[in-house]
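Any read-out appearing in this document is the output of simple, stated calculations on the displayed coordinates, not a laboratory observation. Please read these numbers as outputs of a predicted model, since none were measured by experiment. Cβ sites come from the backbone with ideal geometry, for glycine too, and all protein chains shown count toward neighbours.
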Amino acid sequence: MQYATAVNAGVKTAQGIIVDECLQTSAEDIYAIGECSEFNQKTFGFAGPGLDQAAVAADVLCGGNSRYAGSVVSSRLKVVNEHVFSVGEVCDFPRHGRQQEVMYKAEGIYRKIVVHNNILIGVLGVGNGQNFPGYRNYTSSSENFISGNAGCFYSMGIFG
């Protein structure tokens with residue numbers, strides 16, 4: 001369902017078409033996925049979350065009991081032979097209230113680590129992207145993260 005169509009049909013919208021954990025809209029038997037949908041006050045404009053949503057919606061439509069819990073948004077680019085990536089939430093979001101940011105700069109490497117309630121919620125990096133898949137795992141985990149300990153970052157491979 002496209003956003004304009006949803007608005008004209010009276011379906012609940014905000015930044016996107018509001019969906020529940022089954023990806024159903026406020027209209028009976030109408031589902032929305034991808035960049036037009038909004039789940040838990042978040043929109044996802046990347047292919048990965050759209051595929052996550054498609055899998056849940058397909059299962060629900062076939063009588064399954066899958067539920068969408070959100071997606072970790074990540075992107076990876078190579079700009080002028082330099083790795084650039086972001087995972088999770090790397091901007092200052094008021095809904096988190098207080099969050100901590102730790103930045104690391106060394107020759108050819110920059111990392112910004114964003115922590116909220118001792119949970120890693122985002123990593124932004126430039127240079128040496130070999131550990132990129134691991135960053136996504138850390139941000140999708142709800143494990144406690146010690147935010148003031150640079151040694152912890154090194155042992156996790158976040159800075160290297």
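Where does each of 110, 31 land when they are ranked from fewest to most other beta-carbon atoms within 10 angstrom?
110, 31
Working only with C-alpha atoms, what are the Rg and Dmax values of segment 3-61, expressed in angstrom?
Every Cα atom of segment 3-61 included, Rg and Dmax give 10.4, 28 Å.
Quick one: length gained pulling residue 21 to residue 40 fully straight, 0.36 nm per residue minus the C-alpha distance?
Difference between extended and current length: 6.0 nm.
So how do 42, 12 line up by other beta-carbon neighbours within 10 Å, fewest first?
By the 10 Å Cβ count, ascending, the order reads 12, 42.
Give me the one-decimal nm value for the distance between modelled label points at residue 54 and residue 80, 7 Å along each residue's Cα-to-Cβ direction.
Using points 7 Å along Cα→Cβ, the separation is 3.5 nm.
Which ³J(HN,Hα) values, rounded to whole Hz and listed in residue order, are derived for segment 39-45 from phi using the Karplus coefficients 6.51, -1.76 and 1.60 in 6.51 cos²θ - 1.76 cosθ + 1.60 with θ = phi - 60°, glycine and proline given as x?
Rounded to whole hertz, the list is 10, 6, 6, 10, 10, 10, x.
Take 23, 61 and order them by how many other Cβ atoms sit within 10 Å, fewest up front.
Numbers: 23 24, 61 13.
Starting with the residue having the fewest Cβ neighbours, the order is 61, 23.
Determine the sum of side-chain charges near residue 24: Lys and Arg each +1, Asp and Glu each -1, restricted to other residues whose C-beta is under 15 angstrom from that of residue 24.
Every neighbour counted, the sum reads -4.
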